[in-house]
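Trainee: Attaching a single structure in C-alpha cells format; questions to follow.
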Amino acid sequence: MFFNSMIAFNGNELDYYMYQIINYYNQGNINSTEIEELIAGICVNYVFNSYTKNLKYVSESLKLLDRVPMTPEVFTYKVLGKYFENISKNNKQDNQEIREFLSKYGLSSIVNMLPLSK
C-alpha cells in the first residue's frame, strides 16, 4: 500500500517510513522475489517523489535499490534507479540512452514522467 500511495504523504512522513524500510532491509531481510520487487518499487517511487518534495534519504534509497539482486521482476526499477543516479552525476548521455531504450520497448509513459534534471 505504501508503494502506491506515496503521493499522499508529505515529505516528513515519507522520510519517516523510508528510514524504517532502509534500516530494516539493510540488515539483510530481503528474502524473496516478492520483497525484492516491493523494495525496488518503493525505492524508485521515493526517489521520484524527491523531485517534488524535499526528502532526506535519496542516496540511501538508491543504495538499497542497488542491493536488490537483478531479476526480470526488478529490471525496470533498477534501470530507473540508474537513471536517477545519472541525474545526480549529470550524466546526460547515459540518461538519453535509457530514455530511448524505454521508449523503444513500449514504456513511453514512464519516459514522459521522468525528470530531466534535479
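Since every read-out is calculated from the coordinates, none of them should be taken as a lab result. Note that the structure is a prediction, hence the values are computed from the model and not measured. Neighbour counts run over all protein chains shown; Cβ positions are idealised from the backbone, glycine included.
Trainee: Can you give me the relative contact order of the chain as a percent, contacts being Cα pairs under 8 Å and 6 or more apart?
Mentor: In percent, rounded to a whole number, it is 24.
Trainee: Given (i) 2, 11, 19, 20, 17, 13, 9, 5, 3, 1, 0; (ii) 2, 13, 25, 26, 21, 10, 3, 0; (iii) 2, 12, 22, 24, 22, 13, 6, 0 as candidate values of P(r) over Cα pairs in 5 Å bins from 0, in percent, which corresponds to the one derived from the coordinates?
Mentor: Recomputing P(r) over Cα pairs in 5 Å bins from 0, in percent here picks out (iii).
Trainee: Stretch M70-T52 to full length: gain in nm at 0.36 nm per residue minus the Cα-Cα span?
Mentor: Value of the extension gain: 3.7 nm.
Trainee: Let me ask you something else. Compare S32, S50, S103 in a GNM of the chain, Cα atoms joined below 10 Å, and give the one with the largest fluctuation.
Mentor: In the Gaussian network model the winner is S32.
Trainee: Also, I was wondering about something else. Work through the residues other than I35 whose Cβ is under 13 Å from its Cβ and net out their charges, Lys, Arg +1 and Asp, Glu -1.
Mentor: Net charge around I35: -3.
Trainee: For an R0 of 22 angstrom, estimate the FRET efficiency from the Cβ-Cβ distance between S32 and K63 and round to the nearest 0.05.
Mentor: Once rounded, the FRET efficiency stands at 0.60.
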